[in-house]
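The values are calculated or read from the model by the stated rules, or taken from the named source; none is laboratory data. Keep in mind that this is a model prediction, so the values were computed, not measured. Ideal geometry is used to build each Cβ from the backbone, glycine not excepted, and the neighbour counts take in all protein chains shown. These area figures cover heavy atoms from the full protein model, side chains too; ligands, DNA and RNA do not enter into them. Shrake-Rupley method; radii C 1.70, N 1.55, O 1.52, S 1.80 Å.
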Amino acid sequence: MILLSRNYRGYLAGTIVQLQTSMEAALIAQGMATTSAGPVTPGAVSTDLSMGRLGIAAAGTSVVLTNPNITTESKVVGWLSNAAADGTALYITRITPAAGSVTFTLNAAATAAVAIDWAVILFAGEVATN
């Protein structure tokens, strides 16, 4: 995980994100980020990446990912990725894509921050806009 010192691909400076290891190394090498122990900054995320991690704050039940590659027909997968399981928020009950966004909804309010790994699945012939 890294702490961004500048905006990157829709993520705001000052947020903690987890990206592909090679992306994180490049951002650190360029002075755009520093290593962080996390957790991922909770709240809505806006990015054009095809995969990533976002967080839901304690007491939250859902989070929105804004992404120009997502349509109402998009196939989006998500899973809880916490090292320690939250005793209440155990799984994602609904993934609802819309034009330009997707909402991840949990089975119950989280008792602590919860991380969700996600990916937009592109099929043969589809091209991401990023």
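Key figures
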{"read-out": "Subset of the range 25-42 that is touching a strand residue (DSSP E or B) at 6+ places or on another chain (Cβ under 7 Å), at pLDDT 90 or above and small (G, A, S) - its residue that is most open to solvent (accessible area, probe 1.4 Å)", "value": "S36"}
{"read-out": "Subset of the range 39-79 (residues that are more than 22 Å from F123 (Cβ to Cβ), assigned to a strand (DSSP E or B) and over 11 Å from the mean Cα position of the chain (by Cα))", "value": "S62"}
{"read-out": "Tally, over the range 2-27, of residues that are over 13 Å from T47 (Cβ atoms), in contact with a Gly (Cβ under 8 Å, 6 or more places away or on another chain) and among the hydrophobic types (A, V, I, L, M, F, W, C)", "value": "2"}
{"read-out": "Residue list for the range 72-99, restricted to those being exposed (fewer than 14 other Cβ atoms within 10 Å of the Cβ), within 22 Å of L49 (Cα to Cα) and not charged (D, E, K, R)", "value": "T72, V77, W79, T96, A98, A99"}
{"read-out": "Residue list for the range 43-60, restricted to those being free of Cβ contacts under 8 Å to residues at least 40 places away in the same chain and open to solvent by 40 Å² or more (accessible area, probe 1.4 Å)", "value": "A44, S46"}
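Conditions tested, residue by residue: (1) more than 14 Å from the chain's Cα centre (by Cα); (2) under 11 Å from L65 (Cα atoms); (3) modelled with pLDDT of 95 or more; (4) not basic (K, R).
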| site | (1), (2), (3), (4) |
| --- | --- |
| A84 | yes, no, no, yes |
| G87 | yes, no, no, yes |
| L90 | yes, no, no, yes |
| T93 | yes, no, yes, yes |
| A98 | yes, yes, yes, yes |
| V102 | no, yes, yes, yes |
| A110 | yes, no, no, yes |
| A113 | no, no, no, yes |
| G125 | yes, no, no, yes |
